[in-house]
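Colleague: First, the structure itself, so that you have it in front of you.
Derivation of every value follows stated rules applied to the coordinates shown; laboratory data play no part. Computed from a predicted structure; not experimentally measured. Cβ: placed from backbone, ideal geometry, glycine included. Neighbour counts: every protein chain shown.
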Amino acid sequence: MQVVKHKLLICSHNEGFLRSFLPHLENDYEVQMATTEAMVHFLVKEWEPSLCIVDGNSPLFQMTKPLREKNPPQKLGLIILTKESDLNKEELAFRYGADHYLAEPQQYPRLRWRIVNVLNRIAGGGQKIHQRMSLGAFNSDKQELVFLDIRLFPNDFLAKRGDEVISLSPIQFRLLYAFFSHIDALLSREWLQSVVWGNTKISPRSIDAQVSKLKKVIPEIDASLMNIYGKGYILTQAQKLKEESAA
């Protein structure tokens, strides 16, 4: 069975940053490196990492603040690594919204503990959203939700196609959970923003873009997940039954 790996983005103008830890990181996670501001913005938006490790001695350290402003803690983790302890920079890092600040560790476990801590917090945020939605929006007491050959396990924050684990970002998982919990129900963009993104402001166009990304990751639902112009989205059993009868 394929094992899903969290996505980590390393942000530094210095390509040698964390080189000694790279084999460990690549073994545990899916890793990309960004050496410019443009690359950071592009990869955070399109690749959707769970966590960014930012070089505190790089000019890219200044991106910590805009990254946090655009990505709340429940969506993106931020860890700052520096060559030496610097009280002023450490304070600035936390003011910018960093989760951890660490003088560059000599041993990989010191970094990995912090990575695991942040990823667990992000996963925990997903569980809290499930609990909040169960007050009326979702039936989160269900252990498994199924549509076509896709199975969703809300309590495990997991989606599968057969025995294969599907790699989903937190937002993609919450979107899929919303649709699977409301088969044949018309979900407005306003409703999706409220229950999937919470207090985060997001435009209708951005919601459409996220739905399109979800369809690319899970093409099986493309024909059944319909955009009702000016109204919202509906994941319909009717289209599923139509395809099955045609087959």
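Colleague: Against the longest principal axis of the chain, how steep is helix 87-96, in degrees 0 to 90 to the nearest 10, with axes from Cα atoms?
Modeller: Rounded to the nearest ten degrees, it is 20.
Colleague: Counting only helical runs of four or more DSSP H residues, what would the 222 nm mean residue ellipticity of the chain come to if each run contributes -39,500 (n - 2.57) and the total is spread over all its residues?
Modeller: Working: 9 runs with 100 residues, N = 247.
Computed mean residue ellipticity for the chain: -12500 deg cm²/dmol.
Colleague: Follow-up question, since we're still on this one. When the chain is fully extended, how far beyond the present Cα-Cα distance does residue 203 get from residue 69, taking 0.36 nm per residue of separation? Spell out each step's value before the answer.
Modeller: Values: separation 134, 0.36 × 134 = 48.24 nm, distance 1.55 nm.
Between residue 203 and residue 69, full extension yields an extra 46.7 nm.
Colleague: Give the long-range amide H neighbours of residue 82: residues separated by 5 or more places, or on another chain, with amide H under 5 Å away, using H modelled in the peptide plane at 1.01 Å from N.
Modeller: 56, 102, 103, 104
Colleague: Measure nothing but the geometry: give the 0 to 90° angle between the long axis through the Cα atoms of 204-217 and the longest principal axis through the Cα atoms of the chain, rounded to 10°.
Modeller: Roughly 80 degrees between the two axes.
Colleague: To the nearest 10 degrees, how steeply does helix 237-246 sit against the main Cα axis of the chain, on a 0 to 90 scale?
Modeller: With both axes taken from Cα atoms, the answer is about 70 degrees.
Colleague: If you take every DSSP beta bridge fully contained in the chain, what fraction is antiparallel? Give it as a percent rounded to 5.
Modeller: Details: 15 of 33 bridges.
Taking every DSSP beta bridge within the chain, about 45 percent pair in antiparallel fashion.
Colleague: Calculate the spin-label point distance for residue 88 paired with residue 155, positioning each point 7 Å from the Cα along the beta-carbon direction, and give it in nanometres.
Modeller: The two pseudo-label positions are separated by 5.2 nm.
Colleague: Looking at region 1-116, how many pairs of lysines come closer than 19 Å at the Cα, when each pair is eight or more places apart or spans two chains?
Modeller: 10
Colleague: Another question, then. What ranking of 65, 45, 160 emerges when the number of other C-beta atoms within 10 Å of each C-beta is taken as an exposure proxy, fewest first?
Modeller: Working: 65 16, 45 12, 160 19.
Ranking 65, 45, 160 by Cβ neighbours within 10 Å, fewest first, gives 45, 65, 160.
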